[in-house]
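What follows is a short report on a single structure.
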Amino acid sequence: DSTLSKVDELPPAAPERPYQTLVLATPQGKFLQLIRGEPEAILKVCQRIQLHGTISEMNFDQRQLMERVIQYLSDQKVHALGVAYQNLLAHPSEEEMRRNLIFLGLVTFTQLPYQDSKEVIESCLDAGLKIIMITERDRDTASDIARELGLVQDKNAVVTKEDLDG
């Protein structure tokens, strides 16, 4: 968003910080911190979670579920990134960048065999996870694949690059 300006960026520094941090400033003088990186490390620095637009303290069961999902993805050799953020009133110190973060979720990159993909997607949907499919295929092909995988019910749920650019 052109209204946000980057004021700080910390590259991953394993093992103490195996994730990238980006700090953006708003025109109102507030700050937004975004982090992405190793899912386990992201989960460790998050005390809260955002579900369906609502932020709450992450409870034991939610943390355990995410740990199991992360382990499952790792066992399946799926590359995953954890994503979190926090809103701040002042530019955060490095110490502040490692606490009070809000867990948003995981981004995965994989190309599983079709049948395996369908089973994994069904399991994730049953667990309440939201799945977004990104592909370079045309709208009709993407819609057909997404429908077969149980991700969409009709073609109108598919958005193309042109739609997003517009």
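Structure data summary
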read-out: Violating pairs (Cα-Cα greater than 25 angstrom) within the set LYS44/LYS130; LYS130/LYS161; LYS77/LYS130; LYS30/LYS130; LYS130/LYS155; LYS118/LYS155; value: LYS30/LYS130
read-out: GLU9-LEU65 FRET efficiency (beta carbon distance; Förster radius 30 Å; 0.05 resolution); value: 0.45
read-out: Contour excess over end-to-end distance, with Cα ends at GLU122 and HIS79 and 0.36 nm allotted per residue; value: 13.6 nm
read-out: Dimensions in Å of region 45-141 - Rg and Dmax from alpha carbons; value: 15.9, 48
read-out: Portion, in percent, of the accessible area of the chain that falls on carbon or sulfur, probe 1.4 Å; value: 51
read-out: Lys, Arg +1 and Asp, Glu -1 on Cβ, resulting dipole of region 62-157 about Cα centre, debye, nearest 20; value: 180
read-out: Value of D in µm² per second that Stokes-Einstein yields for the chain, Kirkwood Rh from Cα pairs, at 10 °C (1.306 mPa s); value: 89
read-out: Rounded accessible area per residue of the chain, 1.4 Å, Å²; value: 67
read-out: Cα centre as origin, Lys/Arg/Asp/Glu Cβ charges: the chain dipole, Debye; value: 360
read-out: Extreme residue, positive dipole direction of the chain, given options THR54, THR135, SER117 (C-beta unit charges); value: THR54
read-out: Pair ASP163, THR135: separation of 7 Å Cα→Cβ label points (nm); value: 1.4
read-out: Environment charge of ASP116, counting only residues whose C-beta is closer than 13 Å and scoring Lys/Arg +1, Asp/Glu -1; value: -1
read-out: Charge dipole (region 1-120, unit charges on Cβ, about Cα centre) - positive-most of GLN28, GLN86, SER5; value: GLN28
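The values are calculated or read from the model by the stated rules, or taken from the named source; none is laboratory data. The model shown is predicted, which means the values in this text are computed figures rather than measured ones. When we count neighbours, we look across all protein chains shown, and the Cβ atoms used for this are built from the backbone with ideal geometry, even at glycine. Side chains are part of the model used for accessible areas, which takes the heavy atoms of the whole protein and leaves out ligands, DNA and RNA. Shrake-Rupley method; radii C 1.70, N 1.55, O 1.52, S 1.80 Å.
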